[in-house]
């Protein structure tokens with residue numbers, strides 16, 4: 001990958017609020033040449049050129065942790081700033097209006113729609129276990145061949161397998177926000193979202209092998225070119 005010499009100072013921040021697989025994510029970013037640091041400081045996050053919001057665990061606990069750390073306002077500011085903001089797994093869900101995991105909890109509200117639980121997904125041999133843990137295909141919305149052009153999924157094969165670990169999924173109100181979907185048994189669910197400079201993935205790219213690393217390479221190119229509200233240039 002060719003790096004732009006004028007952008008060598010650009011840095012990506014991974015949000016540290018006590019819930020997330022931070023070091024495997026940091027390692028994946030470093031593998032594709034990103035300069036990355038982990039921080040729970042609002043000031044440092046706002047100074048970064050791009051921010052990744054990871055997360056594992058319960059939605060309500062995560063929002064409470066973000067609130068205690070004083071990060072809810074700064075994350076909203078980042079989304080409106082035009083800088084890349086990327087949500088991973090629970091980090092995707094936190095971008096939504098609300099979740100019904102262990103009660104009802106308000107999210108960041110960057111995308112409209114709730115986070116809901118898999119309800120009795122059925123496979124060919126009966127009920128499937130919840131959470132979904134393992135590999136599943138990600139599929140372009142409406143089968144449009146250009147749907148991923150200029151996004152972090154650029155160059156990923158339609159139907160590529162990615163690694164999921166979740167019991168809940170986002171249900172965006174705006175169909176245009178759906179970047180990719182997947183099937184767990186007979187349940188069709190949102191696998192990736194986008195809104196302007198905000199992208200998010202229900203799966204874990206850092207645990208999804210070469211295809212997952214390609215997503216981080218696309219993100220690296222996005223950051224290095226200094227894109228704001230523009231998406232990636234199709235390679």
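The values are calculated or read from the model by the stated rules, or taken from the named source; none is laboratory data. Worth saying up front: this structure is predicted, and the values here are computed from it rather than measured. As a convention, Cβ positions derive from the backbone with ideal geometry for all residues, glycine included, and neighbour counts pool all protein chains shown.
For segment 147-189, the candidate set comprises residues that are under 15 Å from the mean Cα position of the chain (by Cα) and free of Cβ contacts under 8 Å to residues at least 40 places away in the same chain; within that set, the residue that is farthest from residue 132 (Cα to Cα) is 148.
Checked against (1) surrounded by fewer than 18 Cβ atoms within 10 Å (Cβ to Cβ); (2) under 14 Å from the mean Cα position of the chain (by Cα); (3) under 23 Å from residue 223 (Cβ atoms), residue 80 passes all but a single condition, namely (2). Check whether at least one residue in segment 133-146 is touching a helix residue (DSSP H, G or I) at 6+ places or on another chain (Cβ under 7 Å), buried (at least 21 other Cβ atoms within 10 Å of the Cβ) and in contact (Cβ under 8 Å) with a residue 12 or more places away in the chain, and report yes or no. For segment 133-146, residues touching a helix residue (DSSP H, G or I) at 6+ places or on another chain (Cβ under 7 Å), buried (at least 21 other Cβ atoms within 10 Å of the Cβ) and in contact (Cβ under 8 Å) with a residue 12 or more places away in the chain: absent. Of all residues in segment 129-151, those satisfying the criterion of being in contact with a strand residue (DSSP E or B) (Cβ under 9 Å, 6 or more places away or on another chain) and part of a loop (DSSP other than H, G, I, E, B) are 130, 131, 140, 147, 148, 151. Scan segment 198-222 residue by residue and report those that are under 20 Å from residue 165 (Cα atoms) and not in a helix (DSSP H, G or I). Within segment 198-222, 199, 200, 201, 202, 203, 204, 208 qualify.
The set of residues from segment 126-151 being at pLDDT below 95 and farther than 21 Å from residue 219 by Cβ comprises 142, 143, 144, 145.
Scanning segment 92-111 for residues that are surrounded by fewer than 24 Cβ atoms within 10 Å (Cβ to Cβ), touching a strand residue (DSSP E or B) at 6+ places or on another chain (Cβ under 7 Å) and farther than 11 Å from residue 169 by Cα yields 97, 98, 104, 105, 106, 107, 109, 110, 111. Scan segment 164-178 residue by residue and report those that are within 16 Å of residue 193 (Cα to Cα) and surrounded by fewer than 18 Cβ atoms within 10 Å (Cβ to Cβ). Listed by number, the residues that qualify are 171, 173, 174, 175, 176.
Out of curiosity, is residue 112 at pLDDT 95 or above and under 16 Å from residue 178 (Cα atoms)? The answer is yes for residue 112. Of all the numbered requirements in (1) surrounded by 21 or more Cβ atoms within 10 Å (Cβ to Cβ); (2) at negative phi; (3) in contact (Cβ under 8 Å) with a residue 60 or more places away in the chain, residue 89 misses one, and that requirement is (2).
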